[in-house]
Each structure stands twice: as C-alpha cells, then as structure tokens.
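The values are calculated or read from the model by the stated rules, or taken from the named source; none is laboratory data. Owing to the predicted nature of the structure, the values given are computational and were not obtained by experimental measurement. Using ideal geometry, Cβ is built from the backbone for each residue, glycine included, and neighbour counts are taken over all protein chains shown.
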Amino acid sequence: MTSFLHSLADHVSLFTMAVAMGGIAVFIYHAHRGGKLGKLLPSSCRGRRSPVLNGVVAGQQPEMATRKAIHHIMHGEIATLGELVYFFRGVGNEKKIFIDPVLLSYLQRLLAADAPPDAIPPELQDAHVRKMLCQLCHCSEQATRLKMERATSFDAENPEHMRLLRELWAAAGKLPADFSHRSDKWVEFGFQGLDPATDFRGGGVLALRQFLHFAQTHNAEFKEMMAFNKRAIAAGEHSWYLLAVVSIQFTAQLLLQQDHTFFLPQLEVLYDTIRREEEDNEKKFGVTVRHVGDARAEVVERSCGNKEKGETGGGNRSKAVRTQWSEKSDFEVGFYLLHHQLLLHFKTCWHRDLPHVMEYGNYMPTVFRSFFVQA
C-alpha cells in the first residue's frame, strides 16, 4: 500500500499539468434514463420549440418581459420552469442558467404579499401562473445560496466541515479510527496532496458536499473509480485521473456559465427536478443524512395543455397539471443531479477509451460533445 501511495503521489503532478494545459470546460447534462436519482427528462422535451424573449432585455425591462412570459404561460407555450428560464435569458445568452438579478428582484416584489394592487398584472391572479413564477423565484434563491456556498472556503476548524470530510472518508470504506485530516490516503480519493482542503479552493464547501453526496448515493461507482485509478497506477499504466479534482472542477464550472450552451433539457433538470422523500432516508448510510438529494429526484412533466388538440389557454389546463405544480421544484437537487450524471458520463467515456493522463485536455472535448446535446 505504501509503495502504491508513493507512486500515486508521484503521478499527481502529471495530471495537474494535463489539466492546466488543456483546461476544464463545462459539462452540460446529457439525457440519462434510469439513473439512481430517478427519471431525468419529461418525454415532451424532445423535438419541441420553446419561445425565446426577443427585442426585450429582461434585466432592463423586467415588467415587459414578465408580461410576455405570462402570455406564453397562459397559452400553454411555456409549460416548465426550464422553458421559463430559456425564455427569460433571451437570444444570445445561451450559456446562462440563471435569470437576471434585476428580473428576479422585480418578480420578488411583484409576488410579495404587500405588493401594490395596481402593480400586479390581472393575469397574475391566475393561480397556475402565480405558482410558476413563485417557484422560479424559489429556485433562483436556492441557486444564489449555492453560489455563496461555493465561495465559502473549507475550514478545518469548522466542526460541520470536518464532519463532511469524515463522512467522505467513511464512504470509501475506511475505518473512522484511521481518519486524519492530513494523510497520504487522501491521494487515493484523487486529491493532489496530503491535505484535501487545498483542492477545495476552486469549489469551496459546495464541492466537498457534492463529492461526498456522489460518494454516498453512487457508492459502487465511486469505489469503482477509485479502484480503477489504483489498478492503473499499480500496473504502470497512464490511463488514471484525479477523481476528486475532476468532481471539484465540475462543481465550479457548472456555476460559471462561461464555456458551453445549456440547452432546454439541461435547464429542466436544474429547474424542474423535485425531491422525493423516502421513509428510511436517515438510515441509508448509518448516520443522520442531511445532504440534498438523498431522496430520489424526478423531473416532472408540466404540460399546460395538449397543443395538438388545441387545448391552450387557462381554461383548458387539466387538474393533473395543477396537481403537479403542488410539488415544489428544487434547484439544489437538480444541480446535484446534473453534477452526478456529468461525473458518471465522464466515467463511462474515460473507462471505455482509456486515454493517457497527459491527453486529458485534448480528450475532454469529445466527452463534452456527447454531453452537450439538445435532446
């Protein structure tokens, strides 16, 4: 074991160089059916066209943008939160996954209990429209908290942060009695050195939580990825990678909105995923689990009417649609779901193709092309 750890530590700098040379681009959700967190895409996602705000910038004219969005909702042309975000971000902003903060502030004021009656459009009296906009605000507020958590540095003096690190240790099957904040065994997880805190700088505490949650909810795959790298290095092969580093970089890049287009299916994973509670949730790992996504997540199909039959407008929306909107969308669950499927897609591609670690930067675009898809 000691010789393996020394060998692995010697190889870490090679992977770091490969990452630095090639860069890390953003992964975007690719339709993955039958995943552990539940159904990911509503069937109607494929092959449909959704309206896009044109001629109006939502951040500059939030009132006009909102009125246009309500019109499309009332006519069944915007049926999901993903479609609503897709509409609000407008032409030329295909890399964005968040609505403009000016628009969010306007919607929050509009939906507030003490909002002036003369400022509320008559269409907002429709319960379905109001609930949809309220859920968009809820998801946007969750996204803001995630960004703040990414900016929060790991602190070894913080008991909660150390608890998360201990749970990650346990998820790998290591004995609690052997836990150490600084240990050469962290290299087995795919960290670059003895102290994992140094690698969390790019993703903050959010990156730790996501990596831990992946290790717990996809434990078999997590251990398989660790074993893959251990075998490759022990055999003197060069097809290994730093699992922890890859996961952390995915966490950071998904929030940066810089490199790639988010298509409608990815937006619906983020905004139209709901939390499914399970009765034995807290018993799952032998500890009190408080991480998001322990429940199964499911993207719900929220159709405002069958346009093929001409069922548009508020009067023709079914009770089933209104019942679906009684369940609150959870952006945090959706974000975790997207991260995990992204990491699993990377695993599938890398373990299949076995690229050289120094080819990391050149190889990743092929992974991206099979992940950034419209349907």
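Somewhere in the stretch 55-74, is a residue under 16 Å from Leu133 (Cβ atoms), in contact with a Gly (Cβ under 7 Å, 6 or more places away or on another chain) and modelled with pLDDT of 95 or more?
yes
Restricting attention to the stretch 68-124, and to residues there that are of a type in the set (Asp, Glu), in a helix (DSSP H, G or I) and in contact (Cβ under 8 Å) with a residue 24 or more places away in the chain, which single residue is surrounded by the fewest Cβ atoms within 10 Å (Cβ to Cβ)?
Glu123
Within the stretch 167-210, count every residue that is surrounded by fewer than 24 Cβ atoms within 10 Å (Cβ to Cβ) and at positive phi.
Count: 2.
Return yes when His161 is over 23 Å from Phe250 (Cβ atoms), touching a residue at least 24 places away in the same chain (Cβ under 8 Å) and not acidic (Asp, Glu) and no when it is not.
The answer is no for His161.
Any idea which of (1) out of contact with any Asp or Glu (no Cβ under 9 Å at 6 or more places or on another chain); (2) within 21 Å of Thr273 (Cα to Cα) is the one Arg145 doesn't satisfy?
Going through (1) out of contact with any Asp or Glu (no Cβ under 9 Å at 6 or more places or on another chain); (2) within 21 Å of Thr273 (Cα to Cα) one by one, Arg145 breaks only (1).
Identify the residue in the stretch 242-276 that is assigned to a loop (DSSP other than H, G, I, E, B) and surrounded by fewer than 24 Cβ atoms within 10 Å (Cβ to Cβ) and, among all such residues, is modelled with the highest pLDDT.
Looking at residues that are assigned to a loop (DSSP other than H, G, I, E, B) and surrounded by fewer than 24 Cβ atoms within 10 Å (Cβ to Cβ), I get Phe263.
How many residues are within 24 Å of Met226 (Cβ to Cβ) and under 21 Å from the mean Cα position of the chain (by Cα) when one looks only at the stretch 347-367?
So the count comes out to 7.
At pLDDT 95 or above, of a type in the set (Lys, Arg) and buried (at least 16 other Cβ atoms within 10 Å of the Cβ) - does that describe any residue in the stretch 151-164?
No.
Whether any residue in the stretch 181-195 is touching an Asp or Glu at 6+ places or on another chain (Cβ under 9 Å), of a type in the set (D, E, K, R), assigned to a helix (DSSP H, G or I) and farther than 19 Å from Leu146 by Cα is what I want to check.
yes
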